[in-house]
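Everything on this sheet refers to the single structure shown next.
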Amino acid sequence: MQPPDPHAVALSINLLEKLNALDEDENLMPLGFHLAQLPLDLHTGKMVLMGAILSCLDPILTVAANLSFKDAFVIPLGKEERTDWKRKQIAQNSKSNHLMLAQAFNILYAAVLG
């Protein structure tokens, strides 16, 4: 085994500090402790934890699941404009792909459960 590239280690430490997972002395902060317990990448893990703290976990988990999988939309050749229009309609002028995915899940969930 070889040690990791020092540049990669420095970038990782910098990211952990920016996310408030490590302090300036590289000590694990409370957020870092919780992030270390999750089997998620750092950004998604922080998003899930913040969703739980802010009581909006359901849409956050939907977004997190969508981020860890391929695009939920199939875009047939020649139907790109219609697909874009439908995405904008689902997004309800939020201009957010994440909110659009959460709303699409809610629409599908409601349709399945009737």
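Contact list please: Cβ distance under 7 Å, first residue in the stretch 80-99 and touching a residue at least 12 places away in the same chain (Cβ under 8 Å) and on the phi > 0 side of the Ramachandran plot, second residue in a loop (DSSP other than H, G, I, E, B) and among the small types (Gly, Ala, Ser), pairs at least six apart or on different chains.
Note: no pairs meet the criteria.
Residue check: is Leu101 at pLDDT below 90 and within 26 Å of His34 (Cβ to Cβ)? Break it down stepwise before answering.
Details: at pLDDT below 90: yes; within 26 Å of His34 (Cβ to Cβ): yes.
In short, yes.
Among the listed residues Leu101, Leu19, which satisfies the condition of being of a type in the set (A, V, I, L, M, F, W, C) and in contact with a Lys or Arg (Cβ under 8 Å, 6 or more places away or on another chain)?
One residue alone meets the criteria, Leu19.
So Ala102 passes all but one of these: (1) open to solvent by 100 Å² or more (accessible area, probe 1.4 Å); (2) part of a helix (DSSP H, G or I); (3) aliphatic (A, V, I, L, M). Which condition number does it fail?
Ala102 satisfies every listed condition except (1).
How many residues are touching a residue at least 24 places away in the same chain (Cβ under 8 Å) and assigned to a loop (DSSP other than H, G, I, E, B) if we restrict to the stretch 51-71?
Of the residues in that region, 1 qualify.
Which residues, taken from the stretch 46-91, are open to solvent by 100 Å² or more (accessible area, probe 1.4 Å) and among the small types (Gly, Ala, Ser)? Even if it seems obvious, please write down each step before you answer.
Keep residues of the stretch 46-91 that are open to solvent by 100 Å² or more (accessible area, probe 1.4 Å), which gives 53-55, 58, 69-70, 74, 77, 79, 81-82, 85, 88.
Passing the criteria: only Ser55.
Within the set of pairs 6+ apart or on separate chains, which have a first residue in the stretch 8-29 that is more than 18 Å from Met47 (Cα to Cα), a second that is open to solvent by 50 Å² or more (accessible area, probe 1.4 Å) and outside any helix (DSSP H, G or I), and C-beta atoms under 6 Å apart?
Note: pairs meeting the criteria are Asp23/Met29.
If I go through the stretch 72-95 residue by residue, how many of them are assigned to a loop (DSSP other than H, G, I, E, B) and either more than 25 Å from Leu40 (Cβ to Cβ) or in contact with a strand residue (DSSP E or B) (Cβ under 6 Å, 6 or more places away or on another chain) (or both)?
Restricting attention to the stretch 72-95, the residues satisfying the condition of being assigned to a loop (DSSP other than H, G, I, E, B) are 72-79, 92-95.
Imposing the further condition that a residue be either more than 25 Å from Leu40 (Cβ to Cβ) or in contact with a strand residue (DSSP E or B) (Cβ under 6 Å, 6 or more places away or on another chain) (or both) reduces the set to 74-79, 92-93, 95.
So the answer is 9.
Out of Val63, Val74, which single residue is at pLDDT below 95, β-branched (Val, Ile, Thr) and over 13 Å from His98 (Cα atoms)?
Values: Val63 fails: over 13 Å from His98 (Cα atoms).
None of the others qualify; the one that does is Val74.
The values are calculated or read from the model by the stated rules, or taken from the named source; none is laboratory data. Only a predicted model underlies this, so the values are computations on that prediction, with no experimental measurement involved. Reconstructed Cβ throughout: ideal geometry from the backbone, glycine too, with neighbour counts over all protein chains shown. For accessibility, only protein heavy atoms count, side chains too; no ligands or nucleic acids. Shrake-Rupley method; radii C 1.70, N 1.55, O 1.52, S 1.80 Å.
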